[in-house]
Amino acid sequence: MLPRNGITREEIIRITETIRENNLHKEELNFKIIVIGDFGVGKTSIIGRFTEGQFSSHYKITIGADFAVKTLEWDENTRINLHVWDIAGHERFGSLLSVFYRHAVAAAIVFDLTRPETFESVDKWLIDLRRKLQLPGGKSLPIIILANKGDVTVSTVPKNIDDYCKNNDILAWYITSAKNDINIDEAMIKLTRAALANYRGFKCSLLLTEDIISLNDAPVNREKQCC
Ligand SMILES: Nc1nc2c(ncn2[C@@H]2O[C@H](COP(=O)(O)OP(=O)(O)O)[C@@H](O)[C@H]2O)c(=O)[nH]1
Ligand SMILES: [Mg+2]
C-alpha cells in the first residue's frame, strides 16, 4: 500500500481503531447548562468564548433559543458533552418558558459590571429559575453568578455579593470577561463538577433504592459498591 504523507493506510486504520477502542469504555454524559441574565450582559459572548474560544465585538442579537456544545474529556472514564443554552431575546421579560429550563442540570446567571442595575435583576432570574426548575431527588441546583465585562471595570462589584451568594445557596461567583477570556473556563468547570457530583449522587441513591427493593424481595447477604 502506498504511503500517504508518510503514513500507510494500514497505519491510519490501526490508529483509528486504537482511538475508537480507547474511547469505547468512556461513560458519555450530556449535561444541559443554561445561561441567563439581562439583555446585553454578555451571555452570548460568554458562551461563544467557552465553546468556540472566540469573542466578537460585533453586536449580534440572539434569535430563537439556541445552544452550543462543548465536549470535555473529563477524566479517563468520563466524557461530558455540555449543551450550553443561550436565551433568545426574551431577556426583557425576566421570565422564560419552562421548556427552556427543562432538564437543565446547572445554571449561570450573568450581570454586567458596567451596568450595576443588572445585578438587581439577578434576583428576578433566580426566582424564575427556582420556580421552574427542580432537580429530581430534591437535589440543589448548582448555580454560579458571573460579573461580566471585568475588563472594563471591577469597581462596581456589589459589596453584598458574598452575602447574597451565601444566603441564596449560590455555588460561587466570578468576575469574568468574555472579551479577555478571564475566568470563563474556571467558572464553567466549577459548575460542571457540581453537576457531575449531583448526577453521581443521584445514580447512587437510585442504586440504593434498587437494593432496598430487591433486599425486601429476597433477603440475601451481598455487598454492592456504590459510586
Ligand atoms: N468589554 C466587554 N464587552 C463585552 C463582554 N462580553 C460581551 N461584551 C459586549 O457586550 C455586548 C452584549 O453582548 P452579548 O453577548 O450579545 O450579550 P447578551 O445579550 O447577554 O447575549 C456586545 O457588544 C459584546 O461585544 C466583555 O467581557 N467585555
Ligand atoms: Mg444574546
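The values are calculated or read from the model by the stated rules, or taken from the named source; none is laboratory data. What you see is a predicted model; the values in this text were computed from it and never measured. Cβ sites come from the backbone with ideal geometry, for glycine too, and all protein chains shown count toward neighbours.
For the range 19-48, residues that are near ligand 2 (Cβ under 10 Å from one of its atoms) and of a type in the set (Lys, Arg) total 1. Residue under question is residue 208, and the condition is that it be at pLDDT below 95, under 15 Å from residue 108 (Cβ atoms) and more than 16 Å from ligand 1 (Cβ to nearest atom); does it hold? Criteria not met by residue 208. You will find that of 128, 66, 86, 75, the residue that is at pLDDT 80 or above and within 13 Å of ligand 2 (Cβ to nearest atom) is 86 and no other. Taking residues in the range 15-44 that are in contact (Cβ under 8 Å) with a residue 60 or more places away in the chain, and partners anywhere that are away from ligand 2 (no atom under 16 Å from the Cβ) and assigned to a loop (DSSP other than H, G, I, E, B), the pairs with Cβ atoms closer than 8 Å and at least 6 places apart or on different chains are 32/103. Within the range 192-200, is even one residue touching a helix residue (DSSP H, G or I) at 6+ places or on another chain (Cβ under 8 Å) and either within 14 Å of ligand 1 (Cβ to nearest atom) or assigned to a helix (DSSP H, G or I) (or both)? No, the range 192-200 contains no residue that is touching a helix residue (DSSP H, G or I) at 6+ places or on another chain (Cβ under 8 Å) and either within 14 Å of ligand 1 (Cβ to nearest atom) or assigned to a helix (DSSP H, G or I) (or both). Between residues in the range 83-101 that are on the phi > 0 side of the Ramachandran plot and residues that are within 15 Å of ligand 2 (Cβ to nearest atom) and at pLDDT below 65, which pairs lie under 7 Å by C-beta distance while being six or more apart or on different chains? Listed by first residue and then by second, the contacts come to 89/61; 89/62; 89/63. Could you check the range 33-58 and list, in sequence order, the residues that are surrounded by fewer than 20 Cβ atoms within 10 Å (Cβ to Cβ) and in contact with a Lys or Arg (Cβ under 8 Å, 6 or more places away or on another chain)? Scanning the range 33-58 gives 39, 40, 51, 55, 57. Considering each residue of the range 159-167 in turn, none proves to be within 18 Å of residue 68 (Cα to Cα) and at pLDDT 95 or above.
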